[in-house]
Every structure is written in C-alpha cells, then in structure tokens.
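K.L.:
Take this structure, written in structure tokens, and hold onto it; I'll ask about it next.
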Amino acid sequence: MHSDYGDKVVLVTGGAYGIGRAAAVGFARRGAKVAVADLDAARGEETLRQIREAGGEAIFVRADVSSEADVRALVEETVRTYGRLDCAFNNAGIHKQFVSTTEFTVEEWDEMINVNLKSVWLCMKYEIPQMLRAGRGAIVNTSSAAGLVGAPSNPAYPASKHGVVGLTKSTALEFARKGIRVNCVCPGPIRTGMNEALAAASPGIVKAMDQKVPMGRIGEPEEVAAAAIFLCSDEASYITGHALPVDGGIVAD
C-alpha cells in the first residue's frame, strides 16, 4: 500500500457505490483511515469489504446526509472512532430523471436540493470545527459539469450543482487563513449506477450527452476519485476554491 496519506482520517459520503466507493477504496489504499457514509447499508458493507481486502481500515456509518442529526452523528462517530478528522469528500448526490422545468414538482425540487446542496453545507458545518481544532484540513465537494455550464436535465440538478460550486468558493475564502482548503470536482458522464439508471429511463438524452464528450468516452469512477484524492492531499497545498472539471473536455468545448 502507498503511504502518502499516512494515518490521516478521511470521511467519504455517498461511499456505497460509484465515485464514493472508488474514492473510499483509493484513500484507504494510500494509508488513510476511512469513514464511509451512505443510506445503503448493504452496499456500504461491500465497500468496507473491498477496503479491508486491500489492507485498509474503515468504518461504515449509515446516514441520511440531508438530515442535520444524521450528519452530526456521522462526524461525531468518525472522531470518536479515530480521534480526529483530516479530510472529507462530500460526494453524496442524486439525479433521478430528466423533467421539464414546468413539469417538475415541489417535492422533487426539495429532495434534490436537500441531497445535492443542503447536505454539502451540513457536512461542512460539522466537519470544519473538527478541522479547526487541528489547525488544518481539506474538503472536496462533488459538483458536476452541470454545475459549470447549462445542461439538459431538470431544474433542480444544475441549480443544486451550481450551488455546490458557489458554496465551495465562499467557504474556501472564509477559511483560507485558518488552514482549511475547500475545493470541488465537477464530473461529466461517469460509468456509475446513477448514470446507468438515467440511461435506462432516457436512453436518447444520455446517449446524445455521452457523444458530446470531446475525449469520445465516458469516464470511470476511479478517474474522479483520483482528482478528489489529489485535492485532499498535501500535494494540492496551494489549491483552494477551485472547481475542477473531470469531464473529458465537456466544459472546454
């Protein structure tokens, strides 16, 4: 195993599958102790199994990241288990369907904003005080290429992901002189369960979006995870407030 994360403690939300699982396993392979959070306990345990098979150390905490009580308990359990919190990858998010702005419901709007945006704020609300105690920390949030440019989707998805970019930048500025760096990754089409579900529901839209990727392929979860792991690392010590596209060139087109 690589040791560039030494004995650092890392919290990963949405860690039961896709980008979150790839990141949790990647952090652990580099020596980190990892707290994996998700609503899906069965898949969360599978992430733990993969981490332990790779020789890593981790715990799983079932949490609804849109719930303040759950997020508070998640961070407390992480610190109770490992003594501190060095890094966080706030990755949990949803995208269920492509729906017109005029047909989207209030309930759908509230759910997506709560999971994709409110959760990022809640996580940072409880992560940052732990990092301030140590005098340093690194946070990476998951936005989207749809957080940087307009995209056919539904009204709440790009709104929530643009919100993550703005929240990331403002928080980075607030804590820049207090030893805490805050950045975000902005994935394009990635081979995840969420993307497959969208493709099954709206194959024409997803195929058209995939064909617009300048590199000519969709990305792998490990490629986004690698960007998050880099941004949390000491090698990115002079980077904060940055929204990093991991999108095969979509935003550059």
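The values are calculated or read from the model by the stated rules, or taken from the named source; none is laboratory data. In this text the structure is predicted, and so the values were computed from the model without any measurement. Because the Cβ atoms are built from the backbone with ideal geometry, glycine has one as well, and the counts that use them run over all protein chains shown.
K.L.:
Step by step: first the residues of region 1-30, then only those that are of a type in the set (Gly, Ala, Ser) and farther than 23 Å from VAL120 by Cβ, then the one that is modelled with the lowest pLDDT. Which residue is that?
P.N.:
Of the residues in region 1-30, the ones of a type in the set (Gly, Ala, Ser) are 3, 6, 14-16, 18, 20, 22-24, 26, 28.
Filter again for farther than 23 Å from VAL120 by Cβ, leaving 3, 6.
On the way: SER3: 49, GLY6: 88.
Filtering region 1-30 for residues that are of a type in the set (Gly, Ala, Ser) and farther than 23 Å from VAL120 by Cβ, the one modelled with the lowest pLDDT comes out as SER3.
K.L.:
Sticking with this one: Assuming HIS242 fulfils every condition listed in (1) surrounded by 20 or more Cβ atoms within 10 Å (Cβ to Cβ); (2) modelled with pLDDT of 95 or more; (3) not polar (S, T, N, Q) apart from one, which condition is it?
P.N.:
Unmet condition: (1).
K.L.:
Take LEU148 and tell me if it is touching a residue at least 24 places away in the same chain (Cβ under 8 Å), farther than 23 Å from GLY20 by Cα and among the aliphatic types (A, V, I, L, M). So that I can check it myself, show each step before the final result.
P.N.:
Working: touching a residue at least 24 places away in the same chain (Cβ under 8 Å): yes; farther than 23 Å from GLY20 by Cα: no; among the aliphatic types (A, V, I, L, M): yes.
No: the conditions fail for LEU148.
K.L.:
GLY216 fails exactly one of the following numbered conditions: (1) touching a helix residue (DSSP H, G or I) at 6+ places or on another chain (Cβ under 8 Å); (2) more than 24 Å from LEU11 (Cβ to Cβ). What is the number of that condition?
P.N.:
Answer for GLY216: the failing condition is (1).
Condition check ((1) surrounded by 24 or more Cβ atoms within 10 Å (Cβ to Cβ); (2) hydrophobic (A, V, I, L, M, F, W, C); (3) in contact (Cβ under 8 Å) with a residue 24 or more places away in the chain; (4) touching a Leu at 6+ places or on another chain (Cβ under 8 Å)) across all residues:
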position	(1), (2), (3), (4)
GLY14	yes, no, yes, no
TYR17	no, no, yes, no
ALA22	yes, yes, yes, no
PHE27	yes, yes, yes, no
ARG30	no, no, yes, no
VAL34	yes, yes, yes, yes
ASP38	yes, no, yes, no
ARG49	no, no, no, no
ARG52	no, no, no, no
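K.L.:
Then there is this: ARG49: more than 18 Å from the chain's Cα centre (by Cα) and modelled with pLDDT of 95 or more, yes or no? Spell out how you get there, then give the answer.
P.N.:
Working: more than 18 Å from the chain's Cα centre (by Cα): yes; modelled with pLDDT of 95 or more: yes.
Considered against the rule, which asks whether it is more than 18 Å from the chain's Cα centre (by Cα) and modelled with pLDDT of 95 or more, ARG49 comes out as yes.
K.L.:
Using beta carbons and a limit of 6 Å, which pairs, at least six apart or on different chains, have the first residue in region 156-176 and among the small types (Gly, Ala, Ser) and the second one crowded, with 19+ Cβ neighbours inside 10 Å?
P.N.:
Hits for this filter: ALA156/MET112; SER160/MET112; SER160/ASN116; SER160/LEU117; GLY163/LEU117; ALA172/VAL182; ALA172/THR240; ALA176/THR240.
K.L.:
Let me ask another. Check HIS95 against each of (1) touching a residue at least 60 places away in the same chain (Cβ under 8 Å); (2) farther than 18 Å from PRO129 by Cβ; (3) buried (at least 18 other Cβ atoms within 10 Å of the Cβ); (4) over 17 Å from the mean Cα position of the chain (by Cα) and name the one condition it does not meet.
P.N.:
Result: HIS95 passes all but (4).
K.L.:
Could you tell me which of the residues GLU111, GLU77 is acidic (Asp, Glu) and closer than 26 Å to ASP7 by Cα?
P.N.:
Checking each option against the conditions leaves just GLU77.
K.L.:
Quick check: is even one residue across region 105-121 in contact with a Lys or Arg (Cβ under 9 Å, 6 or more places away or on another chain) and more than 16 Å from ALA92 (Cα to Cα)?
P.N.:
Checked against the condition, which is being in contact with a Lys or Arg (Cβ under 9 Å, 6 or more places away or on another chain) and more than 16 Å from ALA92 (Cα to Cα), region 105-121 yields at least one hit.
K.L.:
Sticking with this one: Only one residue in ILE190, ILE139 is touching a strand residue (DSSP E or B) at 6+ places or on another chain (Cβ under 7 Å), in contact (Cβ under 8 Å) with a residue 12 or more places away in the chain and closer than 16 Å to GLY241 by Cα, so which one is that? Can you show your working first?
P.N.:
On the way: ILE190 fails: closer than 16 Å to GLY241 by Cα.
None of the other options fit; the residue is ILE139.
K.L.:
State whether one or more residues within region 174-194 are of a type in the set (Asp, Glu), under 16 Å from the mean Cα position of the chain (by Cα), surrounded by fewer than 19 Cβ atoms within 10 Å (Cβ to Cβ) and modelled with pLDDT of 95 or more. If you could, list the steps in order and put the result at the bottom.
P.N.:
Narrowing region 174-194 to residues of a type in the set (Asp, Glu): 174.
So of that shortlist, the ones also under 16 Å from the mean Cα position of the chain (by Cα) come out as none.
Checking region 174-194: not a single residue is of a type in the set (Asp, Glu), under 16 Å from the mean Cα position of the chain (by Cα), surrounded by fewer than 19 Cβ atoms within 10 Å (Cβ to Cβ) and modelled with pLDDT of 95 or more.
K.L.:
Select from region 142-165 the residues that are among the β-branched types (Val, Ile, Thr) and touching a Leu at 6+ places or on another chain (Cβ under 8 Å) and write down the one among them that is farthest from GLY248 (Cα to Cα). Lay out the reasoning, then the answer.
P.N.:
Taking region 142-165 first, the residues among the β-branched types (Val, Ile, Thr) are 142, 149, 164-165.
Subset that is touching a Leu at 6+ places or on another chain (Cβ under 8 Å): 164-165.
On the way: VAL164: 20, VAL165: 19 Å.
The selected residue is VAL164.
K.L.:
Take GLU107 and decide whether it is over 20 Å from the mean Cα position of the chain (by Cα), among the acidic types (Asp, Glu) and closer than 14 Å to ALA24 by Cβ.
P.N.:
Details: over 20 Å from the mean Cα position of the chain (by Cα): yes; among the acidic types (Asp, Glu): yes; closer than 14 Å to ALA24 by Cβ: no.
No.
K.L.:
Still on this structure, please answer the following. Restricting to region 128-164, name every residue that is of a type in the set (D, E, K, R) and surrounded by 23 or more Cβ atoms within 10 Å (Cβ to Cβ).
P.N.:
Here is the first cut: in region 128-164, the residues of a type in the set (D, E, K, R) are 133, 136, 161.
LYS161, the sole residue that qualifies.
K.L.:
Still on this structure, please answer the following. Yes or no: region 74-93 includes at least one residue that is among the charged types (D, E, K, R) and within 24 Å of PHE230 (Cα to Cα).
P.N.:
In the first step, residues of region 74-93 are kept if they are among the charged types (D, E, K, R); the result is 76-77, 80, 84, 86.
Going one step further and asking which of them are within 24 Å of PHE230 (Cα to Cα), we end up with 84, 86.
Yes, region 74-93 contains at least one residue that is among the charged types (D, E, K, R) and within 24 Å of PHE230 (Cα to Cα).
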